[in-house]
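The values are calculated or read from the model by the stated rules, or taken from the named source; none is laboratory data. As the structure is a computational prediction, the values presented were derived from the model and not from experiment. Here the Cβ is made from the backbone with ideal geometry for all residues, glycine too, and neighbour counts use every protein chain on show. Protein only, heavy atoms only, side chains kept; ligands, DNA and RNA dropped before computing areas. Shrake-Rupley method; radii C 1.70, N 1.55, O 1.52, S 1.80 Å.
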Amino acid sequence: ALSDASKMEIAKIYPLDAVFDSPEDVPTEILENKRYAGLDGYTISEVADAIEKDYGKIDIVVHALANGPEVAKPLLETSRKGYLAASSASAYSAVSLLQKFGPIMNEGGSMLSLTYIASEKVIPGYGGGMSSAKAQLESDTRTLAYEAGRKWGIRVNTISAGPLKSRA
């Protein structure tokens, strides 16, 4: 419950594919994919524009996504394509989110991302470049905190809440 004892209501859900920064990045095979049928405006820049139009300035952005198509493979068996896909979806997407959402955030706002202990220690079974992507996310967080703090007056942090069983 909120401070006034009311419950938070979700006003709108925006479709987002954080692998695509702008409409020009979306390949034809995705545009024609049935999973995307009837959807538009799902790139990071389009969602940022839609949120700004609907709400104006915002206070918080949460980057709670990760995807490594070869996560079950040991790093020694991971392909370049799988490794780079993990890095793109799990780390660079945070950079892109902040690039597009930073300008519509209120001073004093915050971006928060989720990381995992595998960025620091060997976790068998967490492969496919995901441990590297999480280390990259943590490193980028430090740089983004420095840059976004000076540019927009916002904070950038990451937390590792521990393992969580998910469908991913």
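Summary of computed values
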read-out	value
Residue count, region 137-152 (criterion: of a type outside the set (Ser, Thr, Tyr) and without any contact (Cβ under 8 Å) to a residue 24 or more places away in the chain)	6
Yes/no for TYR36 being modelled with pLDDT under 95 and either within 23 Å of LEU144 (Cβ to Cβ) or not aliphatic (A, V, I, L, M) (or both)	yes
Some residue of region 118-125 being acidic (Asp, Glu), farther than 16 Å from LEU65 by Cβ and surrounded by fewer than 22 Cβ atoms within 10 Å (Cβ to Cβ)	yes
Among the residues listed as SER110, SER90, the single one being among the hydroxyl-bearing types (Ser, Thr, Tyr) and in a helix (DSSP H, G or I)	SER90
Hits in region 121-147 (condition: assigned to a loop (DSSP other than H, G, I, E, B) and either closer than 24 Å to MET105 by Cβ or not charged (D, E, K, R) (or both))	VAL122, ILE123, PRO124, GLY125, TYR126, GLY127, GLY128, GLY129
Given (1) assigned to a loop (DSSP other than H, G, I, E, B); (2) on the phi < 0 side of the Ramachandran plot, number of the condition ILE30 does not satisfy	(1)
Residue in region 36-79 that is most open to solvent (accessible area, probe 1.4 Å), counting only those that are part of a helix (DSSP H, G or I) and among the hydroxyl-bearing types (Ser, Thr, Tyr)	TYR55
Which numbered condition LEU2 misses (of (1) under 25 Å from GLN99 (Cβ atoms); (2) in a loop (DSSP other than H, G, I, E, B))	(1)
